[in-house]
Amino acid sequence: MAPNFRAANLDKDGSLLNDLDNKIFTRDFDIPSMSVQEEVEYLKDCQTFIYFEDNNPVGFYCYSQDNDGLVILKGVGVIPGHQNKGVGRKLMDNFLSRIEGKKSSLVVHPKNSGAIILYLKCGYKINGWKENYYGDDQPRLLLERPGTLKPVRTPRSERPRQLSNSQSETPHRKILKTTNPHHKTVGLSGTGVK
Ligand SMILES: CC(C)(COP(=O)(O)OP(=O)(O)OC[C@H]1O[C@@H](n2cnc3c(N)ncnc32)[C@H](O)[C@@H]1OP(=O)(O)O)[C@@H](O)C(=O)NCCC(=O)NCCS
């Protein structure tokens, strides 16, 4: 992981995170500012990472995980003077590498076009709309990113014993070899497959 990311410690970083939050979420559709205490309460079930440039905090992201292993991205933000310079992408790349291919979801205000574009570029897809998500006049788009985990391979020593060629010649394979018209048209015999 890049050294300019640091895991937040809510006992020490509550006011730093609250300060970032108050600088970042200032638009009319953002949830109004929280107190430090409310911020810590909101983040207490989250993993939060702060991003620094020249030792100054310029962004953060936070996420939680439900019982089914779904990762919920709760927030990502970059302070205004540092936006549109690739920091948001760095935050997302760091987040995605940390969750190691698990399925993830998030909600975003439909007017938040910059964030929506970033999420779409990071592999999220829009899969819903919820009116009044937090209360009146608080609609949210629901976005999801499929998990990219590969199936776990069974170690060779634990796999069932392989049959020899003659033993594994099942009737199914014989039928495929002799009656599949596709095999005839592509001329499998010419590729060495008999
Ligand atoms: C959304 C946010 C995190 C993006 O961070 P950023 O540092 O400005 O984004 P980047 O410069 O890394 O851009 C990332 C990608 O998104 C695209 N993008 C970001 N904002 C965009 C905009 N307003 N219009 C078009 N594209 C945009 C960029 O083209 C870029 O694409 P690329 O990686 O292919 O070059 C930042 O704008 C922000 O903090 N906004 C306020 C808080 C917020 O809304 N957070 C999300 C909701 S929780």
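Side notes on the structure shown:
- The condition (being within 14 Å of the ligand (Cβ to nearest atom), in contact with a helix residue (DSSP H, G or I) (Cβ under 8 Å, 6 or more places away or on another chain) and either in the same structural domain as Leu141 (by TED's automatic domain parsing) or not hydrophobic (A, V, I, L, M, F, W, C) (or both)) is satisfied by just one residue among Gly59, Gly14: Gly59.
- For the range 100-117, filtered to residues that are under 29 Å from Asn67 (Cβ atoms) and in contact (Cβ under 8 Å) with a residue 40 or more places away in the chain, the residue that is nearest to the ligand (Cβ to nearest atom) is Asn112.
- Residue check for Tyr42: among the aromatic types (Phe, Trp, Tyr), in the same structural domain as Trp129 (by TED's automatic domain parsing), at negative phi and at pLDDT 95 or above: no
- Entirely in the range 78-194, the helices (runs of 4 or more DSSP H) that have 2 or more residues that are at pLDDT below 85: 171-179, 181-186
- A Cβ distance below 8 Å, combined with a sequence gap of six or more or placement on separate chains, defines the contacts here; from the range 54-71, residues that are under 16 Å from Arg145 (Cα atoms) reach residues that are among the acidic types (Asp, Glu) in the pairs Ser64/Asp45.
- Positions within the range 18-47 being within 12 Å of the ligand (Cβ to nearest atom) and outside any helix (DSSP H, G or I), in sequence order: Phe25, Thr26, Arg27, Phe29, Asp30, Ile31
- From Val78, Val87, residue being more than 17 Å from the chain's Cα centre (by Cα) and not charged (D, E, K, R): Val78
- Near pairs, Cβ below 8 angstrom, 6+ apart or cross-chain, from the range 27-42 (free of Cβ contacts under 8 Å to residues at least 40 places away in the same chain) to any residue that is part of a helix (DSSP H, G or I) and away from the ligand (no atom under 16 Å from the Cβ): Val36/Gly14; Val36/Ser15; Gln37/Gly14; Glu39/Gly14; Val40/Leu10; Val40/Gly14
- Qualifying positions in the range 83-99 - within 7 Å of the ligand (Cβ to nearest atom) and either surrounded by 16 or more Cβ atoms within 10 Å (Cβ to Cβ) or of a type in the set (Gly, Ala, Ser) (or both): Gly86, Val87, Gly88, Lys90, Leu91
The values are calculated or read from the model by the stated rules, or taken from the named source; none is laboratory data. Note that the structure is predicted; figures quoted are calculated from it, not measured. When we count neighbours, we look across all protein chains shown, and the Cβ atoms used for this are built from the backbone with ideal geometry, even at glycine.
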